[in-house]
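Notes to accompany the following structure.
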Amino acid sequence: MADLYLDHVLIAVRDLERARRTYANELGFTVTPEGVHPGRGTHNRLIVFGPEYLELIAVRDSLEARRDRPEMLEFLGRRQGLYMFALGSRDLDATVAEVQRRGGHISDPVDGARAGAGDKGGYTWRSAYVDPADTPGSATFIIQHHHTIQQRYTEPANPTVHANGVTGIFSLSLAVRDATTAAAAWSRTLGLAMGEPVEDTASRVCSVRVGLGNCRLEFVSPRGDGPLARHLEAHGESPYLLSLRVTNVERSAAHMAARGIALGDQRVSRDGA
């Protein structure tokens with residue numbers, strides 16, 4: 001489906017204010033004011049790039065969350081971090097119909113809302129959840145916003161400008177047991193273009209890319225022991241790695257180093273990314 005793009009990645013945290021301090025003060029992101037999901041038991045703060053963003057999401061009311069988001073409560077009982085992600089569509093009804101035509105399983109669209117402080121920061125959307133059996137590596141849902149980025153995020157000033165130089169999401173990697181099989185399932189269900197498997201003997205990983213309009217969705221499976229194999233053993237198939245786009249790698253690295261955050265060695269991939 002040509003119109004699908006990465007809308008946002010959900011990062012589940014146990015303490016939203018502590019997460020805000022970490023991402024804003026230590027990592028140098030611009031973070032929006034708090035928003036609340038009425039009736040769902042969660043609240044959030046956002047790191048906006050446009051059209052994609054990161055959502056720091058936490059439980060605000062455990063009783064409501066137990067009714068509406070039991071999977072998230074279970075996740076937070078085990079760990080924090082990359083939780084799931086949403087794909088954006090400019091015509092949700094058409095996308096749902098196309099998924100069903102392809103034999104995929106997807107819910108009917110439902111309305112959603114975020115309430116901000118006072119009369120600011122609130123907006124609405126519609127979304128439909130894809131059956132996780134059709135999307136190995138991560139649960140996902142498809143969302144269509146009723147408001148533009150500029151209408152949704154007015155505070156703080158210049159919300160898409162970040163002191164650390166990050167300008168967007170470059171790729172999201174999902175840890176799976178068989179990268180080719182997982183990518184094929186996503187391609188079959190959502191009509192995404194699927195690349196050829198790439199074997200990286202140095203890191204002992206097989207990867208397969210699936211195209212989105214604004215970033216890469218990558219499926220990675222281990223070829224021996226290593227961090228990826230250990231992640232799968234501990235957490236099962238799940239979001240694994242988020243790569244961010246920056247204006248200048250050296251400046252971003254210096255920004256992090258000044259805050260005591262060490263980055264790994266720089267490298268250039270085969271395709272220059």
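Computed quantities for the displayed model
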read-out: Search result, residues across the stretch 29-50 that are within 18 Å of the chain's Cα centre (by Cα) and surrounded by fewer than 17 Cβ atoms within 10 Å (Cβ to Cβ); value: G50
read-out: Some residue of the stretch 105-113 being in contact (Cβ under 8 Å) with a residue 60 or more places away in the chain and either open to solvent by less than 50 Å² (accessible area, probe 1.4 Å) or among the aromatic types (F, W, Y) (or both); value: yes
read-out: So R223, is it among the charged types (D, E, K, R), open to solvent by 40 Å² or more (accessible area, probe 1.4 Å) and farther than 22 Å from P51 by Cα; value: yes
read-out: Test: Q151 is open to solvent by 50 Å² or more (accessible area, probe 1.4 Å) and not in a loop (DSSP other than H, G, I, E, B); value: yes
read-out: Residue count for the stretch 1-28, restricted to those that are among the hydrophobic types (A, V, I, L, M, F, W, C) and open to solvent by less than 20 Å² (accessible area, probe 1.4 Å); value: 9
read-out: Residue that is closer than 24 Å to V31 by Cα and open to solvent by less than 60 Å² (accessible area, probe 1.4 Å), where the choices are G137, G211, G122; value: G122
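The values are calculated or read from the model by the stated rules, or taken from the named source; none is laboratory data. Just so it is clear, the structure is predicted and the values come from calculations on it, not from any experiment. We place every Cβ from the backbone using ideal geometry, glycine too, and count neighbours over all the protein chains shown. Surface areas here come from the heavy atoms of the whole protein model, side chains and all, with no ligands, DNA or RNA. Shrake-Rupley method; radii C 1.70, N 1.55, O 1.52, S 1.80 Å.
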